[in-house]
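Read through the structure below, which is laid out as structure tokens, and then see the notes.
The values are calculated or read from the model by the stated rules, or taken from the named source; none is laboratory data. Just so you know, these numbers come straight off a predicted model, no measurement behind them. Cβ placement follows ideal geometry from the backbone for every residue including glycine, while neighbour counts extend to all protein chains displayed. Remember, those area values only see protein heavy atoms, side chains included, never the ligands or the DNA or RNA. Shrake-Rupley method; radii C 1.70, N 1.55, O 1.52, S 1.80 Å.
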Amino acid sequence: MKYTAESHITTIKEVTDFAKYLVNELHLPIHPDDKFEHYVNLETGEDQFTPEEAEIGNRLMAECFDVCEKANTDIYDLMFPIIEKGIMDGLDLEY
């Protein structure tokens with residue numbers, strides 16, 4: 001995972017960058033409400049993230065919610081176009 005325990009999301013741009021990373025780099029059909037420990041690799045049946053990575057992802061998504069709330073921006077309106085673009089571009093999104 002590109003993001004580490006030292007990573008933080010503090011701006012709207014960083015929220016969109018995080019969503020783009022999850023969709024474009026990790027090929028995940030993210031939903032802001034989903035917990036990272038629930039993502040499973042369909043090919044292997046194994047968890048997509050280690051417990052440590054899931055903890056980092058959950059914290060970063062919580063930071064995304066905080067940033068959006070403070071900026072009076074709807075996180076769903078911000079992230080869903082990124083997810084839809086990934087689908088429209090034919091990315092093989094893993095569940």
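Quick notes on this structure:
- Every condition in (1) at pLDDT below 95; (2) open to solvent by less than 60 Å² (accessible area, probe 1.4 Å) is met by Glu43 except one, and the failing one is (2).
- Leu60 vs. criteria surrounded by 19 or more Cβ atoms within 10 Å (Cβ to Cβ), at pLDDT 95 or above and closer than 17 Å to Ile83 by Cβ: yes
- Taking first residues from region 1-29 that are free of Cβ contacts under 8 Å to residues at least 40 places away in the same chain and over 16 Å from Glu69 (Cα atoms) and partners that are of a type in the set (A, V, I, L, M, F, W, C) and surrounded by 16 or more Cβ atoms within 10 Å (Cβ to Cβ), the Cβ contacts under 6 Å between residues at least 6 apart in sequence or on separate chains come to Leu22/Leu28; Leu22/Ile30.
- Within region 32-51, the residues that satisfy the criterion of being free of Cβ contacts under 8 Å to residues at least 12 places away in the same chain and either closer than 21 Å to Ile82 by Cα or not in a loop (DSSP other than H, G, I, E, B) (or both) are Asp33, Asp34, His38, Asp47.
- Test: Val15 is touching a Ser or Thr at 6+ places or on another chain (Cβ under 7 Å), surrounded by 14 or more Cβ atoms within 10 Å (Cβ to Cβ) and of a type outside the set (D, E, K, R): no
- Selection from region 63-73 of residues that are part of a helix (DSSP H, G or I) and open to solvent by 90 Å² or more (accessible area, probe 1.4 Å): Glu69, Lys70
- Contacts under 7 angstrom Cβ, first residue in region 76-87 being farther than 17 Å from His27 by Cβ, partner hydrophobic (A, V, I, L, M, F, W, C) and assigned to a helix (DSSP H, G or I), 6 or more apart: Leu78/Val15; Leu78/Cys68
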